[in-house]
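The values are calculated or read from the model by the stated rules, or taken from the named source; none is laboratory data. Predicted, not measured: the structure shown is a model, and the values here were computed from it. Cβ placement follows ideal geometry from the backbone for every residue including glycine, while neighbour counts extend to all protein chains displayed. Heads up: the accessible areas ignore ligands, DNA and RNA and are worked out on the full protein's heavy atoms, side chains in. Shrake-Rupley method; radii C 1.70, N 1.55, O 1.52, S 1.80 Å.
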Amino acid sequence: MLIIMDKTASDEQIEVVEDKIRSMGWTPHEIPGSLRIAIGITGNKGAVDPSLFSNLTGVVECIPVSKPYKLVSRDVKPEDTILNLSNATIGGKDLVLMAGPCSVESRSQIMEVAEFVKSQGAQVLRGGAYKPRTSPYSFQGLKEEGLKYLREAADKFDMSVVTELKDTETVELVSEYADMLQIGARNMHNFSLLEAVGRTNKPVLLKRGLAATIEEWLMAAEYIASQGNYNIALCERGIRTFETYTRNTLDLNAVPMVKQLSHLPIIVDPSHGTGSWELVTPMALAAVAAGADGLLIEVHPHPEKALSDGKQSLRPETFAELVDRLKKIVPACRRNFN
Ligand code: PEP
Ligand code: MN
């Protein structure tokens, strides 16, 4: 249920509605937005009776929300959500470019990549310090040392940092260094982790699970929002299908579909979505044409020596070519790029 209040409703009138919601054992959520004052209800088991609220002063309308996800749905908030990071905005008119290596491998590596991707217009530096690897014997990341290098590189080149955290134990530590917390595909169903990042006020980049439907993905976002953190961007990074020539199948249908269903911004990651560097540029361009709010691209100075995901990492010169082509198509997609 969504309760729409009169635009001129007073704080006291809003408080009366919220107290009533709490007295039923449910949770009120004031939905941020400039066009109207709306209060969402979560925690109810069955349908909410609108007559509980419709007679309270200041209440204009009670709208039932039929979708299983509520706070992240477009029904509850028609306007697009825009996330503000220190050096980037995500959503709205501007296309955001997030780039960097799969893993932070050394101070010099991340410095070199940061300087280069920034010079090409990337606003957000990515890099994994805690790596979820298929094999326990593969490189697991530099952990806190990697976070320090990331922060130092981002500060030096006026960038924001997005980095993955794998478990609830590291939420606090990673939050000290990162501007945006990445929930990886393998953790999209880790509900305790979703709730833990929902209790922070950090923007979250929520990757789509390897075999998650769009609805399951939006439900994962709802877990985060249900704890009070609405600063969420979704990231389409490919799903597992029967196809074996590509690492994953990049589901670009998800972009316009999510735009219909949700107010959250959506980023596309063609690096994990394809698994090969040759496919990254064409799919990045296609993602922008499909309406993505931004791109997440893996870049490595020497992909052949990368400790993870070298096959899908762009060399600096290839990244520059991608940016060159992006500049041509972004205006045609009714967006700005730098
Ligand atoms: C990554 O961004 O390097 C990563 C591990 O991504 P995903 O969770 O999409 O596999
Ligand atoms: Mn990777």
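At-a-glance table
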{"quantity": "Rh by Kirkwood over Cα pairs, then Stokes-Einstein D for the range 2-63 at 1.002 mPa s and 20 °C, µm²/s", "calculated": "186"}
{"quantity": "Pairwise centroid distance, computed over Cα atoms, of the range 1-43 with the range 244-291, Å", "calculated": "36"}
{"quantity": "Sequence-distant aspartates and glutamates (8 or more away, or on other chains) whose Cα lies within less than 17 Å of residue 328", "calculated": "94, 293"}
{"quantity": "Accessible area per residue, Å², the range 149-198 with all protein chains present, probe 1.4 Å", "calculated": "37"}
{"quantity": "Gaussian network model of the chain, Cα within-10 Å springs - most flexible of 137, 230, 177", "calculated": "137"}
{"quantity": "Ratio Rg/Rh [Cα only; Rh per Kirkwood] for the chain", "calculated": "1.00"}
{"quantity": "Across 143/207; 67/207; 7/67; 45/70; 67/259; 207/311, pairs whose alpha-carbon gap is larger than 23 Å", "calculated": "7/67"}
{"quantity": "GNM result for the chain, Cα springs below 10 Å: residue of 264, 35, 193 fluctuating most strongly", "calculated": "35"}
{"quantity": "Partners for residue 156 among lysines (Cα-Cα distance below 18 Å; same-chain residues under 8 apart left out)", "calculated": "118, 148"}
{"quantity": "Percent of beta bridges antiparallel (DSSP, the chain, rounded to nearest 5)", "calculated": "40"}
{"quantity": "Candidates 18, 115, 176, ranked by Gaussian network fluctuation over the chain, Cα under 10 Å, top entry", "calculated": "176"}
{"quantity": "Convex hull of the range 194-338 built on C-alpha atoms - directionally averaged projected area, nm²", "calculated": "9.4"}
{"quantity": "Separation of the residue 171 and residue 93 label points, Cα + 7 Å toward Cβ, nm", "calculated": "3.7"}
{"quantity": "Heavy-atom accessible surface of the chain: percent carbon and sulfur, 1.4 Å", "calculated": "51"}
{"quantity": "Percent RCO, i.e. relative contact order, over the range 83-333, from Cα pairs under 8 Å lying at least 6 residues apart", "calculated": "18"}
